[in-house]
Amino acid sequence: MDTMTNTNIAAFETSMDTSGNFKAVLKKSQSCGFAHYRAIFWGKTSFGFAVKAEILTSLLGSMPGAAGLFLRSKLYPSLFASVGKKLLIGRNVTIRHPQKIRIGNNVIIDDNCVIDAKGETNHGITMGDNVFIGRNTNIYCKNGDIFIGQNVNLSASCIVVSSNKLTIREGTVIGAFSHLLSGGEYDYTDKMPFCEQRGIKTKGELVIGRNCWIGAGVTVLDGSNIGDHCVIGAGAVVTTPIPKDRLAVGVPAKVVKAI
Ligand SMILES: CC(C)(COP(=O)(O)OP(=O)(O)OC[C@H]1O[C@@H](n2cnc3c(N)ncnc32)[C@H](O)[C@@H]1OP(=O)(O)O)[C@@H](O)C(=O)NCCC(=O)NCCS
């Protein structure tokens, strides 16, 4: 069954759409179904690792209650590149390319999150100590990297995506339904239809500073860095960089006061 070696997986991933787009992957590959699946879900891993990951996530992924939390906290760590103490993972969490995911101490990932480090040349996702990821939040790489500093709190239903490098510095709180979009843009000057583009255009890395409060429903666009100790009002769309110690609100976000 394991007809796809790691070398083949590397070649397969190189040929695939770097956005990790399922459609593109399935269209381009000549390989067998399990090899597709393994490349998309588990990345450049051995067949044995993929089988172990399948068994663990199938048996424990949706197990309810304290038993589920306990067993996932004891058995999921072996899936990741590195994990500190006391990892708590809720129900129905989707984990992709776990060997490119590094997790600190006391991290909580709530129910229904997606943590996806997909990409062929990226480093993946790194979370510091005491990070909290609220339920339904989707953190994913499009061949980019994501660094989440210690004590960062991401509320429910956020989208965090990177096709370059996205950093959320220590102690920052992100309100529910916020979108942090680092790269992942389409070229509207290109004649190629958007659906055929790779969607990884970018203005550069995105940094959200230390000790910021990003209100609910905020969208931070590519390259719109936010300095340390900023507050961004609920519903804002940040389109340009915000200097440190500022309160910014609105669409597009404008600084209304120094804090
Ligand atoms: C920004 C915020 C913190 C208020 O801060 P504040 O210092 O009390 O600011 P003010 O109420 O004095 O508002 C300053 C100006 O910004 C405007 N403003 C405040 N919040 C705004 C928002 N979210 N969107 C647009 N404008 C806003 C005010 O109307 C005011 O405008 P004006 O000077 O023309 O009257 C608050 O409005 C906010 O958005 N909180 C986020 C709440 C949230 O998302 N919670 C989720 C939990 S993480």
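Here Ile146, Ile232, Ile242, Ile168 are screened, and the one residue that is at pLDDT 95 or above, within 16 Å of the ligand (Cβ to nearest atom) and within 26 Å of Lys100 (Cβ to Cβ) is Ile168. As for the range 179-200, it holds no residue that is modelled with pLDDT of 95 or more and acidic (Asp, Glu).
Would it be correct to say that Lys191 is more than 9 Å from the ligand (Cβ to nearest atom) and over 22 Å from the mean Cα position of the chain (by Cα)? Judged against the criteria, Lys191 is a match. Quick check on the range 212-247: of everything there that is within 21 Å of the chain's Cα centre (by Cα) and closer than 15 Å to Ala258 by Cα, which residue is surrounded by the most Cβ atoms within 10 Å (Cβ to Cβ)? Among those residues, the one meeting the criterion is Ile226. Go through the residues of the range 154-169 one by one and say whether even a single one is assigned to a loop (DSSP other than H, G, I, E, B), surrounded by fewer than 18 Cβ atoms within 10 Å (Cβ to Cβ) and not aliphatic (A, V, I, L, M). Scanning the range 154-169, I find no residue that is assigned to a loop (DSSP other than H, G, I, E, B), surrounded by fewer than 18 Cβ atoms within 10 Å (Cβ to Cβ) and not aliphatic (A, V, I, L, M), so the answer is no. Scanning the range 201-225 for residues that are modelled with pLDDT under 95 and among the β-branched types (Val, Ile, Thr) yields a single hit, Thr202. Quick one: would you say Asp111 is free of Cβ contacts under 8 Å to residues at least 40 places away in the same chain and of a type outside the set (Gly, Ala, Ser)? Considered against the rule, which asks whether it is free of Cβ contacts under 8 Å to residues at least 40 places away in the same chain and of a type outside the set (Gly, Ala, Ser), Asp111 comes out as yes.
When Lys244 is tested against (1) without any contact (Cβ under 8 Å) to a residue 40 or more places away in the chain; (2) part of a strand (DSSP E or B), just one condition goes unmet, and that condition is (2). All conditions but one from (1) out of contact with any Leu (no Cβ under 8 Å at 6 or more places or on another chain); (2) closer than 21 Å to Phe41 by Cα; (3) of a type in the set (A, V, I, L, M, F, W, C) apply to Ile133; the one that does not is (1).
The values are calculated or read from the model by the stated rules, or taken from the named source; none is laboratory data. It should be emphasised that the depicted structure is a prediction, and the values quoted were computed from it without experimental measurement. Ideal geometry is used to build each Cβ from the backbone, glycine not excepted, and the neighbour counts take in all protein chains shown.
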